[in-house]
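To start, the structure itself, in structure tokens.
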């Protein structure tokens, strides 16, 4: 049983022949040669321009055989029509008499071969050869068109990719040669692609010296192991600006064994800045967490000290007075009265101390009466405890913030006064709290040493940082500045009702 994949030598091959011939007998003679060679021939004979154009429009032809000179037409005129139509068909001149110089001119004009009607032994081989050449030309044209289309798509894609797409040849002496650079080069490096291709060293000159060794190491390792390069470094642009870039590229070997790299250089400056800010933020958060823990321990220690030193001392004194009172029950009634008065004063002091400690921990007045009375009460306690004058210039009692906002503002007020007592070296504090439209405005000013710009950026400035973060949590604004007459001014502006902010955000 024959193999179906093996060509059958007895099978007829179809051949479409367009004959430009004024002699029907000569045309039949040519067709007979093809049939003898085993071809099933389909043909059309024309003898003028109109017939040729009609035949070319009617179907596809494998070969055109043309007489050289006819009464109303010629081979050169027919060849010109095919060329004008852009048809790449094997065009062979078959003539009874043709001079050699005319034949050479015809070949130069584009004819593929010329034969004599008196010697047609070369007809079939010549046609088969030219048909093969025509197929080869068509395949080459198709391949070139595909390459051009692919290159056009690649260039369009590369032009729309953020960053610089490149193709790079790196020599053993570390010299670079860019074979291709996309239009993104101008936005990234401030150079035209043609400039970088002409002077590839300009890219290397932009790389900061401290980042260059790692780039060389990465490229060398990639050449040795055929691994992907993924380098991050800094470049300095012609205008002096510094950018972070990422160079990512994969190598491949050419047929000659020479490696080339194809990849992209991207601008990662913003992500690097964000990463640095995130690290700083995490560091500040860790410091703030540590500070809060220490502050909590200090607060516990202060409360314990107040309870032990003040309340404990009062209770010991009260116990001592009770003992003395018991020893004088039969003595002078006047002495008993004095001891009783002393005991009452000690009890009053103990009650006052307990109330002060409780108010500092969680002022009940804030919940019962509101923010303005709580601020006034704490200002009185602060003045009594520190000896600093705390003057309430304006406190609006009509302010009614939600509970979360009220607590946060009260804690900010506490922290601000604590900062004044610790750092300001002030004698007087002025407080204003008003409502402007839907915002609560709290202003705290002192007459101390003042706040410098450096103080605002101190890494250990936890008091101001805590205030700033509380205000930010309330979607408010915070300003700290130096007063013209000396001292520091803190200005806070927060929404009066956080629920309104949340509903608006939704």
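The values are calculated or read from the model by the stated rules, or taken from the named source; none is laboratory data. Note that the structure is predicted; figures quoted are calculated from it, not measured. Here Cβ is always computed from backbone atoms with ideal geometry, including for glycine, and neighbour counts include all displayed protein chains.
Please go through the stretch 153-188 and pick out each residue that is modelled with pLDDT under 75 and either assigned to a helix (DSSP H, G or I) or loosely packed, with under 10 Cβ neighbours inside 10 Å (or both).
Residues of the stretch 153-188 that are modelled with pLDDT under 75, as a first pass: 154-160, 171-174.
Matches in the stretch 153-188: 154, 155, 156, 157, 158, 159, 160, 171, 172, 173.
Against the condition modelled with pLDDT under 80, farther than 23 Å from residue 378 by Cα and over 34 Å from the mean Cα position of the chain (by Cα), how does residue 499 come out, does it pass?
On the way: modelled with pLDDT under 80: yes; farther than 23 Å from residue 378 by Cα: yes; over 34 Å from the mean Cα position of the chain (by Cα): yes.
Here the answer is yes, as residue 499 does meet what is asked.
Within the stretch 31-42, take every residue that is in contact with a helix residue (DSSP H, G or I) (Cβ under 7 Å, 6 or more places away or on another chain) and closer than 21 Å to residue 67 by Cα and give me the one that is surrounded by the most Cβ atoms within 10 Å (Cβ to Cβ).
Among residues in the stretch 31-42 that are in contact with a helix residue (DSSP H, G or I) (Cβ under 7 Å, 6 or more places away or on another chain) and closer than 21 Å to residue 67 by Cα, the one surrounded by the most Cβ atoms within 10 Å (Cβ to Cβ) is 34.
Can you name the residue in the stretch 460-474 that is part of a loop (DSSP other than H, G, I, E, B) and surrounded by 15 or more Cβ atoms within 10 Å (Cβ to Cβ) and, of all such residues, is modelled with the lowest pLDDT?
Within the stretch 460-474, the first condition is being part of a loop (DSSP other than H, G, I, E, B), and the residues that meet it are 460-461, 474.
From what's left, surrounded by 15 or more Cβ atoms within 10 Å (Cβ to Cβ): 461, 474.
On the way: 461: 58, 474: 85.
Here the residue is 461.
Looking only at the stretch 148-164, decide whether some residue is over 30 Å from residue 84 (Cα atoms) and touching a helix residue (DSSP H, G or I) at 6+ places or on another chain (Cβ under 6 Å).
Looking for residues that are over 30 Å from residue 84 (Cα atoms) and touching a helix residue (DSSP H, G or I) at 6+ places or on another chain (Cβ under 6 Å), one finds at least one in the stretch 148-164, hence yes.
Could you say whether any residue in the stretch 268-286 is outside the structural domain of residue 187 (by TED's automatic domain parsing) and touching a residue at least 60 places away in the same chain (Cβ under 8 Å)?
yes
Here's the yes/no breakdown for (1) within 60 Å of the chain's Cα centre (by Cα); (2) in a strand (DSSP E or B); (3) under 23 Å from residue 101 (Cβ atoms):
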site	(1), (2), (3)
32	no, no, no
35	no, no, no
44	no, yes, no
55	no, no, no
65	no, yes, yes
77	no, no, yes
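Can we say residue 120 is closer than 30 Å to residue 208 by Cα and in contact with a strand residue (DSSP E or B) (Cβ under 8 Å, 6 or more places away or on another chain)?
The answer is no for residue 120.
Name the residue that is farthest from residue 77 (Cα to Cα), counting only residues in the stretch 1-30 that are assigned to a strand (DSSP E or B) and at pLDDT 90 or above.
So, considering only residues that are assigned to a strand (DSSP E or B) and at pLDDT 90 or above, the one farthest from residue 77 (Cα to Cα) is 14.
Is it the case that residue 67 is surrounded by 13 or more Cβ atoms within 10 Å (Cβ to Cβ), in contact (Cβ under 8 Å) with a residue 40 or more places away in the chain and farther than 19 Å from residue 13 by Cβ? Steps first, please.
Working: surrounded by 13 or more Cβ atoms within 10 Å (Cβ to Cβ): yes; in contact (Cβ under 8 Å) with a residue 40 or more places away in the chain: yes; farther than 19 Å from residue 13 by Cβ: yes.
For residue 67, the condition - surrounded by 13 or more Cβ atoms within 10 Å (Cβ to Cβ), in contact (Cβ under 8 Å) with a residue 40 or more places away in the chain and farther than 19 Å from residue 13 by Cβ - is met.
Restricting the first residue to the stretch 206-219 and requiring it to be over 11 Å from residue 232 (Cα atoms), which pairs with a second residue that is at pLDDT below 90 and surrounded by fewer than 13 Cβ atoms within 10 Å (Cβ to Cβ) meet a Cβ separation below 9 Å and a spacing of at least six or different chains?
206/238; 216/174; 219/174
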